[in-house]
Amino acid sequence: MLGLPAGGTPVPLYRELVRLHREEGLSFAGVTAFNLDEYWPAPPGASFADFLREHLFRHVDLPPGGAFLLDGGVAVERVADECARFEAAIRAAGGVDLQILGLGLNGHIGFNEPGSGAETRTRRVRLAPDTVQRAARARAEWGGCTEAMSMGVATILEARRIVVLAFGAEKAIAVARARSGPETAEFPASFLRRHPRVAWYVDVA
Ligand code: F6R
């Protein structure tokens, strides 16, 4: 079971996984993939599910039904059920073995924005204004998205192993705060220190 983020950071990772599949026989036949989060409502053609299909799923041998994705198209009265369904699906699959994470400049992991406690579960969230602005620069369709569904901090911390990817000078302060600042809901990535098996992949900056 793999938990996968969208965003700019994991794109080279997905490219390499596709290469390993094509050239070195890496198989996804036994994989179940979960998305870490999804815009709600998701912009048509530019959802995080579309993103993962575009960058990874359609290039590898993930089996039909191998991707378990939050549905960003559900009606408002079904959002809570969709989040509960997702948590249940993770449990039914035996839990996430490896969760990949990017890191927000404001300390978000998934879309657990500042204020998200360690006990949070998959739920509807409001995005921080700086998150929306940054997303708009990455992809125009994402600029109109102010809400999302996200695995909670508790959901993330239940993964057996976690890999955090954070590259470039702009992420340096966030990495430092996550690893050695106070452990606080105001900087949710700081809760990763509670997990015994987190690998940080960072660059020199
Ligand atoms: C994406 C996600 C976010 C991003 C983070 C970093 O699914 O959950 O937490 O990982 O905002 O985004 P990038 O990689 O675009 O810098």
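The values are calculated or read from the model by the stated rules, or taken from the named source; none is laboratory data. Values in this document were obtained by computation on a predicted structure and should not be read as measured data. Cβ coordinates were reconstructed from backbone atoms using ideal geometry, including for glycine residues, and neighbour counts include every protein chain displayed. With ligands, DNA and RNA removed, areas are computed over all heavy atoms of the protein, side chains included. Shrake-Rupley method; radii C 1.70, N 1.55, O 1.52, S 1.80 Å.
Looking for whichever is within 14 Å of the ligand (Cβ to nearest atom) and touching a residue at least 40 places away in the same chain (Cβ under 8 Å) here; the options are 107, 94. Which one fits? Result of the check over 107, 94: 107.
Taking segment 163-205 as the search range and keeping residues that are among the β-branched types (Val, Ile, Thr) and under 11 Å from residue 107 (Cβ atoms), which one is surrounded by the most Cβ atoms within 10 Å (Cβ to Cβ)?
Just the residues of segment 163-205 that are among the β-branched types (Val, Ile, Thr), to begin with: 163-164, 173, 175, 184, 198, 202, 204.
Now restrict to residues that are under 11 Å from residue 107 (Cβ atoms): 173, 175, 184.
Details: 173: 12, 175: 18, 184: 15.
Looking at the filtered set, the residue picked out is 175.
Answer yes or no as to whether residue 63 is away from the ligand (no atom under 13 Å from the Cβ), touching a Cys at 6+ places or on another chain (Cβ under 9 Å) and not hydroxyl-bearing (Ser, Thr, Tyr). Judged against the criteria, residue 63 is not a match.
Quick check: anything in segment 42-54 outside any loop (DSSP other than H, G, I, E, B), basic (Lys, Arg) and away from the ligand (no atom under 16 Å from the Cβ)? So far as segment 42-54 goes, no, none of its residues is outside any loop (DSSP other than H, G, I, E, B), basic (Lys, Arg) and away from the ligand (no atom under 16 Å from the Cβ).
Residue-level check: of (1) open to solvent by 60 Å² or more (accessible area, probe 1.4 Å); (2) more than 16 Å from the ligand (Cβ to nearest atom), residue 87 misses just (1). Among the residues of segment 139-148, are any acidic (Asp, Glu), within 10 Å of the ligand (Cβ to nearest atom) and surrounded by 15 or more Cβ atoms within 10 Å (Cβ to Cβ)? There is no residue in segment 139-148 that is acidic (Asp, Glu), within 10 Å of the ligand (Cβ to nearest atom) and surrounded by 15 or more Cβ atoms within 10 Å (Cβ to Cβ).
In summary, residue 71 fulfils each of the numbered conditions (1) more than 10 Å from the ligand (Cβ to nearest atom); (2) among the acidic types (Asp, Glu); (3) out of contact with any Asp or Glu (no Cβ under 8 Å at 6 or more places or on another chain) with the single exception of condition (3).
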